[in-house]
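For reference, the structure discussed in these notes is given below.
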Amino acid sequence: MNESASVNTLKKPRRGFGFYARIYRKILVQDLKSKMSYRADFVISTIGMIMTNLSGFVTFLILFKNFPSINGWDYHHMLFLYGFSLIALTPVQCFFDNNWNLRFQVQSGDFIKYCFRPINVFFYFMSEVFDVKGLGQLAFGIGTLVYAWVHIGIPVTPLVMLKLVLFLLTASLFMIAIMNAAAATCFWIVGSGYVMVIMFRFKDFAKYPSNIFHGVFRILFTFVIPIAFVAYYPSLSILEADNIPVLTWCAPALGVLFFYLSYKFWMLGVRKYDFTGS
Amino acid sequence: MNLRKRLALTRAGIMESLQYRLGTAVTLFANLIYLVLVYFLWRAIYDSAGTDVVNGMTFTDTMIYLILATALFNFLEMFVVWDMSRSIQSGKIILDLLKPMKFRSYTFWSYSGSHVVLFTLTFIPTFVVVMIVTNGAIPMGINLLYFAIATVIALVVNFSMEMIVATICLYTESTWGINIVKETIVLLLSGASIPLAFFPDGFKTVVDYLPFRAVYDIPLTILLEKNGADTIEGILPMFGLQLAWALILTVAGTLFWNHAVRKITVNGG
């Protein structure tokens, strides 16, 4: 495997961004075509996605009907955080959804097909599925964010917009890293789907200000399972522009680091899979 | 259709779920962490509220309610929808349909084993811990018996809802979508994510008559003796609602299934 891969790289030394972008587009079109043949499924899944977001919204409404604020965060600031988290969760939903299939493919042995292509295994595997229903979540997230933004009255300047884009990208890296690592456990543990399910449940707490956690758990959810970075720390760059905490400044670098580590972990699993061979 | 056959399925289910010990252990541990998150969230909410009692619920009441709701959820959770769609895809459903037992009761009893295991491994430990930690906040008396009865009916209602949703999936070929819609509605309207006591009045009146409440809210209300559940007069209407929905959903689900089963298209197998 490794030898043939290196031979291939020698033959075609240019494997830049353009090369992968072209391949991604081709695979994406195929995936969308096959999705279109299950139109009912597409419609119902999108409705389902919107329903989960609506239910999260209703939960907020009910909470704030009874309680005026949570740890100093009022209704609109909480909505900002919620909208921010929904947008930050879109990339993992849209581009990395195939992680959910990983354990079935590994178990059945179908995964081997990804190892026989002269392109990056991780890239090829993820490119196979583009989850369209994530776009519904994106729309809902943007709507919520804009609503909260207007009510809080944050000025719209080029600098703020730049920060927004940068920190949204940062935030999404953390969730992608969590899900990659969770999915990759299936290379070692048979039927490890529950790890993903658990992580996906923890993500529900990304929409709350993580200064509500204390002690060990604060450290756990900041540095080990970094859900505090999925919305809380990145969004502080905009909500508290005068008083940005150090961890917010560190977020972009940490995000890249977490993503890189999860990628390495995932690839380590692939290598282990190669050796067992099934 | 004697009881021994059914209990054999229960036993097989118990053995099957004990196979995945690592998974069960990790899930238990993760649930504990999840509950800690829930604790921090509601602690912060109550600290910000400035009062101790909100809508008749103290912080301790809310915590007991939510923790036991999570424990109930873990024990009642079923994957009928996923299992059915997988066995349709693989063709295995034909074998299940040919069994000398009604498909519905076969499914119910196959799941009973994992219910028994999960009840013993998740619900009882959680209950004991909550009981010790809150030191007498859960009333100990005849309400435990009523709670047990209510939980059994809740199990039947939950199973009926699962079966109806699984049957819908036969028509739509959309498993993920239908399942997520079901899960979202059940979790929100049954009180599993926010106690129903916090719902605004108008909304609550509607939710009170829906079947979802029969799964989590009624057993927990009975256990905590809230909302007049400390007298038998208060409990009877709750049991009535549960039984009515259990009956309606069972009949509706059976009719729907009998109609749908003729339509199953299995590709391969």
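Values quoted throughout were computed directly from the atomic coordinates according to the rules given, and no laboratory measurement underlies them. Remember, it's a predicted structure, so these values are computed and weren't measured experimentally. FYI the Cβ positions are ideal-geometry reconstructions off the backbone, even for glycines, and counts take in every protein chain you see.
A few remarks follow.
Let's see how each residue does on (1) in contact with a Pro (Cβ under 8 Å, 6 or more places away or on another chain); (2) at the interface with another protein chain (Cβ under 10 Å from one of its Cβ atoms):
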residue: A:A40; (1), (2): no, yes
residue: A:S45; (1), (2): no, yes
residue: A:M49; (1), (2): no, yes
residue: A:K65; (1), (2): yes, yes
residue: A:I87; (1), (2): no, no
residue: A:F95; (1), (2): no, no
residue: A:R103; (1), (2): no, no
residue: A:G109; (1), (2): no, no
residue: A:I112; (1), (2): no, no
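- For first residues located in region B:77-94 and under 13 Å from B:S174 (Cβ atoms), partners that are β-branched (V, I, T) and outside any helix (DSSP H, G or I) and lie 6+ apart or on another chain with Cβ distances below 7 Å form the pairs B:I88/B:I264; B:I88/B:V266.
- Selection from region B:212-244 of residues that are more than 21 Å from B:I67 (Cα to Cα), in contact with a helix residue (DSSP H, G or I) (Cβ under 6 Å, 6 or more places away or on another chain) and not hydrophobic (A, V, I, L, M, F, W, C): B:G228, B:Q242
- Any chance B:I194 is assigned to a loop (DSSP other than H, G, I, E, B), surrounded by 19 or more Cβ atoms within 10 Å (Cβ to Cβ) and out of contact with any Phe, Trp or Tyr (no Cβ under 7 Å at 6 or more places or on another chain): yes
- Condition met for B:S114 (farther than 30 Å from A:L54 by Cα and within 14 Å of chain A (Cβ to nearest Cβ)): yes
- For region B:25-37, the set of residues classified as more than 9 Å from every other protein chain (Cβ to nearest Cβ) and either within 15 Å of A:M196 (Cβ to Cβ) or touching a residue at least 12 places away in the same chain (Cβ under 8 Å) (or both) consists of B:L28, B:L35, listed by residue number.
- Region A:144-177, residues that are of a type outside the set (S, T, Y), within 25 Å of A:F202 (Cβ to Cβ) and more than 12 Å from the chain's Cα centre (by Cα): A:L145, A:A148, A:L164, A:L166, A:F167
- Among (1) within 11 Å of chain B (Cβ to nearest Cβ); (2) touching a Gly at 6+ places or on another chain (Cβ under 9 Å); (3) touching a residue at least 60 places away in the same chain (Cβ under 8 Å), the one test that A:Y208 misses: (2)
- Of all residues in region B:40-61 being among the charged types (D, E, K, R) and not in a loop (DSSP other than H, G, I, E, B), the one that is farthest from the other protein chains (Cβ to nearest Cβ): B:D61
- Within region B:130-144, being touching a residue at least 40 places away in the same chain (Cβ under 8 Å) and assigned to a loop (DSSP other than H, G, I, E, B) holds for B:A137, B:I138, B:P139.
- Within region B:204-214, one or more residues are within 12 Å of chain A (Cβ to nearest Cβ) and in contact with an Asp or Glu (Cβ under 9 Å, 6 or more places away or on another chain).
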